Amino acid sequence: MPDPESERVQVTSELITGIAELTTNEPGRQRMDDAALVIENGIIAWVGSSKNAPAADSAKDLDGCAVLPGWVDSHSHMVFAGDRTEEFEARLAGKKYSAGGINSTVEATRAATDDQLTTTLLRLRREALNDGTTWMETKTGYGLDVEHELRSARIASEVVDEVTFLGAHVVPRGVDADEYVALVTGPMLSAVRPYVQWMDVFAERGAFDADQSRAVLAAGKAAGLGLRVHGNQLGTGPGVQLAVEFGAASVDHCNHLAAADIDALASSDVVATLLPACDLCTREPFAPARDLLDAGATIALASNCNPGTSYTTSMAFAVTTAVLQMGLTIDEAIWAATKGGATALGRAEGSDAIGSLVVGARADLQVIAAPSVTHFAYRPGVRLTEAVWKSGVPV
Ligand SMILES: [Zn+2]
């Protein structure tokens, strides 16, 4: 008979050794070779060279794998129903993407049951977790009336780590734009407020103009929400400048930037969140990642998982693309997909920080079947994530 007392003994610290390469994201020491770390109650308690590793209650040897923070995916739209394969095929045949395609997902989402929406969301969240994403934001924005935006926000809050209200995704068919902005900033915002941390607006041709976007951001700020902006995806526009004006945490897409936009981002704390899978799937030019970094702006990489323009949860794919096609170094791309995402969500610093593996941070990490994160670019398309830990617990 096992002794019931000993079964209750809790492991409080665990030493991880045999790490060929550890990405910590610590400034000045982003990666270190032949490392070890200690996890205590879900938090990183010690990081250093394996030869200096302290004793712990238990130990695990990773036998030469690389370890890096779990991906932090700060941009997705995963509360939806329906399928846009036909629209995708039409784009492949030469049709240009426009913001209006969102309306077809709105119809399918309104017609779906709660269970259908939850099942799809859980499937995508699990898919992302298996590929190393330990923290994930998702947005509403396929309901576009009070009842369905509220439902989307509630379902999202039950599955993902943080939720963004994107009632201002597109003006629904048959609705006056100014009346719709009044609805979003009034009754709709009040309804979703208990379930969301962020407010977002699609400040784009075919969606919301500068004045309408300003009204949305002002309402979100007044409601105490953090702000995010979809901007400069389909052409130059007011998105970046609005994000800077309102002190948004992030402006996302950033494909078409004027020199003044790059300057504004470089001299502000607004993160430019780049979505390379979306750029590939819409056959639009990549965001100028190199120019942004060289100017001194902070960038994040995210999946933009959504049924229309980027139906992938793979952050590794974003990293691979950023390195091979957007001119980023491995370290820049890995940072952008981990600590960059955490910065875009305001969670990169302080106790319980995510996106880095330094003392005091959450032990959200992934173990890859390779000796170095360079393999994300060196072996494109190969699934490398072998184990994922969230708060120090294998999942
Ligand atoms: Zn988006």
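Every number in this text was worked out from the coordinates using simple rules, so none of it is lab data. What you see is a predicted model, and the numbers here were worked out from it, not measured in a lab. Virtual Cβ from ideal backbone geometry, glycine too; neighbours counted across all protein chains shown.
Please list, in order along region 256-268, the HN-Hα scalar couplings obtained from phi with the Karplus expression 6.51 cos²θ - 1.76 cosθ + 1.60 (θ = phi - 60°), rounded to whole Hz, x for Gly and Pro.
With coefficients 6.51, -1.76 and 1.60, one gets 10, 10, 7, 4, 5, 5, 5, 4, 4, 5, 5, 9, 10 Hz.
Sequence gap at least 6, Cα distance under 8 Å: using those rules, report the relative contact order of the chain to the nearest whole percent. Walk me through the intermediate numbers first.
Values: 945 pairs, mean separation 76.3, N = 395.
About 19 percent, as a whole number.
Pick from 119, 105, 338: which residue has the top mean-square fluctuation in a GNM of the chain where Cα pairs under 10 Å get a spring?
119
Using +1 at the C-beta of Lys and Arg and -1 at the C-beta of Asp and Glu, which of 220, 144, 199 has the Cα lying farthest in the positive direction of the dipole of the chain?
About the Cα centre, the residue reaching furthest to the positive side is 144.
Under 1.5 on a/c is rounded, so check that first for the chain, then, if it is not, pick prolate when a/b is larger than b/c and oblate when it is not; a ≥ b ≥ c are the square roots of the alpha carbon gyration tensor eigenvalues.
Prolate, since a/c reaches 1.5 and a/b exceeds b/c.
Among 373, 342, 316, which residue has its Cα positioned farthest towards the positive end of the charge dipole of region 308-395, with +1 placed on the Cβ of Lys and Arg, -1 on the Cβ of Asp and Glu, and the dipole taken about the Cα centre?
Sorting the options by dipole projection puts first 316.
Need one word for region 77-197: rounded, prolate or oblate. Basis is the Cα gyration tensor (sqrt eigenvalues a ≥ b ≥ c); a/c below 1.5 gives rounded, then a/b vs b/c decides.
Oblate, because a/c is 1.5 or more while a/b does not exceed b/c.
Of 387, 257, 282, which is farthest on the positive side of the dipole of the chain, counting Cα position, with +1 on Lys and Arg Cβ, -1 on Asp and Glu Cβ, and the Cα centre as origin?
Checked the options; the winner is 282.
Could you give the length gained on full extension between residue 63 and residue 325, defined as 0.36 nm per residue of separation minus the Cα-Cα distance, in nm? Could you put the intermediate results ahead of the total?
Details: separation 262, 0.36 × 262 = 94.32 nm, distance 3.20 nm.
Length gained between residue 63 and residue 325: 91.1 nm.
Could you give the length gained on full extension between residue 259 and residue 127, defined as 0.36 nm per residue of separation minus the Cα-Cα distance, in nm? Each step should come with its number before you reach the end.
Values: separation 132, 0.36 × 132 = 47.52 nm, distance 3.80 nm.
Net length gain for the segment: 43.7 nm.
Just how large is the dipole of the chain about the Cα centre, in debye to the nearest 20, putting +1 at every Lys and Arg Cβ and -1 at every Asp and Glu Cβ? Provide the component values of the computation, followed by the final result.
Details: 30 positive and 51 negative charges, 88 e Å.
Here the chain has a charge dipole of around 420 debye.
Report the FRET efficiency, 1/(1 + (r/R0)^6), for residue 118 and residue 269, where r is their Cβ-Cβ distance and R0 is 41 Å, rounded to 0.05.
Once the sixth-power term is evaluated, E becomes 0.70.
According to the square roots a ≥ b ≥ c of the eigenvalues of the Cα gyration tensor, what is the shape class of region 133-184, taking rounded for a/c under 1.5, prolate for a/b larger than b/c otherwise, and oblate for the remainder?
Here region 133-184 falls in the prolate category.
What is the helix-to-structure angle for 102-111, meaning the angle in degrees between its Cα long axis and the longest Cα principal axis of the chain, kept from 0 to 90 and rounded to the nearest 10?
The angle comes out at about 80 degrees.
Using amide H atoms built in the peptide plane, which far-off residues or other-chain residues are under 5 Å from residue 43 H to H?
Long-range HN contacts for residue 43: 363.
Taking amide H positions as placed in the peptide plane 1.01 Å from N, state which residues far from residue 139 in sequence (5 or more) or on other chains have amide H under 5 Å from it.
Residues meeting the amide H criterion: 76, 77, 78, 79, 164.
With θ set to phi - 60° and the Karplus curve 6.51 cos²θ - 1.76 cosθ + 1.60, what are the ³J(HN,Hα) couplings of region 69-75 in order, to the nearest whole Hz, using x for Gly and Pro?
Working through the residues one at a time gives x, x, 5, 10, 9, 9, 8 Hz.
Alpha carbon centre of region 12-66 versus region 245-313: separation in Å?
Distance between centres, Cα-based: 32 Å.
Please turn the phi angles of region 281-288 into ³J(HN,Hα) values with the Karplus equation 6.51 cos²θ - 1.76 cosθ + 1.60 (θ = phi - 60°), one per residue in order, whole Hz, x for glycine and proline.
6, 9, 6, 9, x, 4, 5, x
What residue among 70, 206, 341 has the largest mean-square fluctuation in a Gaussian network model of the chain, using Cα springs under 10 Å?
206
For residue 273, which sequence-distant residues (separation of 5 or more, or a different chain) have an amide H within less than 5 Å of its own amide H, given hydrogens modelled in the peptide plane?
HN-HN under 5 Å from residue 273: 251, 252, 253, 300.
Suppose R0 equals 56 Å; then what is the FRET efficiency for residue 52 and residue 193 from their Cβ-Cβ distance, rounded to the nearest 0.05?
0.70
With each label point set 7 Å from Cα along the Cα-Cβ vector, what nm distance links residue 89 and residue 291?
Label at residue 89, label at residue 291, 3.7 nm between them.
Where is the GNM fluctuation largest for the chain (alpha-carbon springs, 10 angstrom cutoff): 268, 314, 356?
Checking each option, the largest mean-square fluctuation is seen for 268.
Compute the length gained on full extension between residue 393 and residue 175: take 0.36 nm times their separation in residues and subtract their Cα-Cα distance, giving the result in nm to one decimal.
Going from the current span to full extension adds 73.7 nm.
For an R0 of 25 angstrom, estimate the FRET efficiency from the Cβ-Cβ distance between residue 379 and residue 34 and round to the nearest 0.05.
For R0 = 25 Å, the calculated efficiency reads 0.70.
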